[in-house]
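A short worksheet on the structure shown next.
The values are calculated or read from the model by the stated rules, or taken from the named source; none is laboratory data. Please read all numbers here as calculations on a predicted model, not as lab measurements. Cβ placement follows ideal geometry from the backbone for every residue including glycine, while neighbour counts extend to all protein chains displayed. Each accessible area value is taken on the protein alone, full model and side chains, heavy atoms only, with ligands, DNA and RNA left out. Shrake-Rupley method; radii C 1.70, N 1.55, O 1.52, S 1.80 Å.
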Amino acid sequence: MELRKIGSSIWNFVVRYKLYHLVFWFCYHYFWWAVTSGSATDAMNNIFFSNYTIKFASYVLLQALGVYVNLYYLIPRFLKPGKYPVYITLFLSTILLVSFGITGGYFLNAHVTGILFETLFYVKPEEYIQLWKSGPLSSTVASMTLAMSIKLTKNWIAAEQHRTNVEKEKLETELKFLRSQLNPHFLFNTINSIFVLIHKNQDLASDSLAKFSELLRYQLYHCNEPMITLAKEVEYLENFIELETLRHDTQNLDLQVHLNKTGMGSYGIAPFLLIPFVENAFKHISHFKNQRNWINVGFELKENTLHFSVTNSRTMLQVATEPIKNSGIGLANVERRLELRYPNKHFLEIKQEDQMYSMKLKVQLETIDQMQVKIA
C-alpha cells in the first residue's frame, strides 16, 4: 500500500512538470542514432557506454528547451497577425542559439573525456562550422519543425472540436429560444396589450405594433446567424423591454434602463445572449401593492469589454414559493453558451438575496471581421 502511494506521488510529479516529455525526446534522438548506426544495440551503447554521452545529452536537453520556448512562449505571444516578422526572427534566433549550444556540447564532450576533438568527431576544431551545419543545425531544425507541426495540428483539432460544439449548442439554443419566446402566452398577452392601446392611444399602439413586428422578424431571421452586430442586439433589447412594460402595471413599476451605446461601432456578439437576463427580471419581479417594484438594466461598452447588469426586486414569498428556474432559453443555457463562445473571456456573477436578484456580466467582444474569420 505504501509503495502504491509512493508510485502515485512520483507519477503525479512527473505529470505535473511534464517530465515524460524528456522520455519522448530521448526516444526521438535514440531512434535517429539507431538509424544512423544501423543497430539499436550499438546506439544504446554509444549513449551510455561510450565517450559520446555528453554530446547526446546536449541534443536531448537543448533541443527540448528550444522546442518549449517556441511552443509555450513564442507561438502564444507572437504567432498572430501583425507580429509574424517578430515571430520568424525570434524562431530563427532560437534555432541558431540551440544549434550553437549543441556544438558547444561537442567541445565539452572532448574536454571532459580528455580525447582530442578530431579523434572523437573526425573534424578539426577550426572546422566546427562544417560540423555545425551537418549535425546540430539540421537536427535542431528538424526537431523544432516536428514539434511545431504536432502543436499546430493539436490546436487545429481542438479548434475544430470547439467549433463543432459551438454549432451544436447554437442549434439547440435556437430551438429552445423559439419554443420559449414565440409561445402563445407571450404572443397573446402582447397582442392583447396592443389591442387595448388601440382604443386608448392609437399612436402608441401603432408604435408598439411596429416594435412587435421587429421583435418577431429579429427572432425568426437573425437567430440563424452565428453572430450579429452589437447594435442589433441592443435594438432588440430595447424593443423587448418596451413590449414587456405593456404587460405590467407601470404605475407601480420603477424601470430604469441605462443603455450607453457609445463605442459599439463594428463589434459583434452572439445573438440572444442578453435577453434571458432581462426576461428573468420581468418574470420574477416582486408584486408589492404598497411600494414600488423595480428593475434596473445597465449596458456599457468600455473598449472591447461589454459591461451588462440587471437587478430586480423580489419578495420573501417568491423566494420561498417561486424559485428561479432555468425555463425557456434559461440561465444555465446562457452560462453554457458563454463557456463555449467566450472561453476565458467572460465573467458572470449572479446573486439571489432576500429582496433582490442581481446579475453582472462582462464579455470581451471581437469585431465582426474577427468573428467572421473564425467562423470561416
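Results, tabulated for the structure shown:
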{"item": "Rounded accessible area of TRP156 (nearest 10 Å², 1.4 Å probe)", "result": "150 Å²"}
{"item": "Extension gain from HIS258 to THR305, taking 0.36 nm per residue of separation minus the Cα-Cα distance", "result": "15.3 nm"}
{"item": "Surface accessible to a 1.4 Å probe, LEU137 within the full protein complex, Å²", "result": "40 Å²"}
{"item": "Accessible area, probe 1.4 Å, largest first, for residues ASP203, ASP254, ASP354", "result": "ASP203, ASP354, ASP254"}
{"item": "Cβ-based net charge around TYR106, under 14 Å, with every Lys or Arg adding one and every Asp or Glu removing one", "result": "0"}
